[in-house]
Amino acid sequence: MATVISLNWLWRDMPKASDISDRSGLYAADGNRLKPWGRSYAQWAEQLQATPPCRANARRVVDLAIYCGKQQFRVTGFTACGAPKYDLTRPTTMPIAGMGSADGRFVFSQGDYGANNAKEYCI
């Protein structure tokens, strides 16, 4: 069985964008000049191809929680075929609306979508 690893990022800057994609590409806006993190991604990809990461039991490393505003619904078990089960009558209320970390120690809340200089929070 082959292991497929995918590194995803914008391939070039999008100067007319009103969010992080205006300067976050791997290449400059013209698509010709590789930027420093583009070189870093290329090196990382070579390392991953040379030494692929170990396969892990997804039930231990993937956070399957559902988030809705300040409510978090964690997996309560799995069906016989491996599908996650949730108790939607017993949410955990988080301090702010957002997404929790897999270990339950942090909550990340995005700023206003498309707003310039929006604040993002991680508590």
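The values are calculated or read from the model by the stated rules, or taken from the named source; none is laboratory data. Since the model is a prediction, treat every value here as computed from it, not as a measurement. Cβ placement follows ideal geometry from the backbone for every residue including glycine, while neighbour counts extend to all protein chains displayed.
Observations on the model:
- Annotation note: Cβ proximity below 6 Å between a residue of the stretch 97-118 that is assigned by TED's automatic domain parsing to the domain that holds Val75 and a residue that is part of a loop (DSSP other than H, G, I, E, B) and of a type in the set (Ser, Thr, Tyr) (sequence gap 6+ or interchain) occurs for Gly114/Ser18.
- Ser40 vs. criteria at pLDDT 70 or above, assigned by TED's automatic domain parsing to the domain that holds Thr51 and in contact with a helix residue (DSSP H, G or I) (Cβ under 9 Å, 6 or more places away or on another chain): no
- Taken together, the residues in the stretch 61-112 that are assigned to a loop (DSSP other than H, G, I, E, B), more than 30 Å from Ser18 (Cβ to Cβ) and polar (S, T, N, Q) amount to 2.
- Residue within the stretch 35-57 that is surrounded by 10 or more Cβ atoms within 10 Å (Cβ to Cβ) and in a strand (DSSP E or B) present: no
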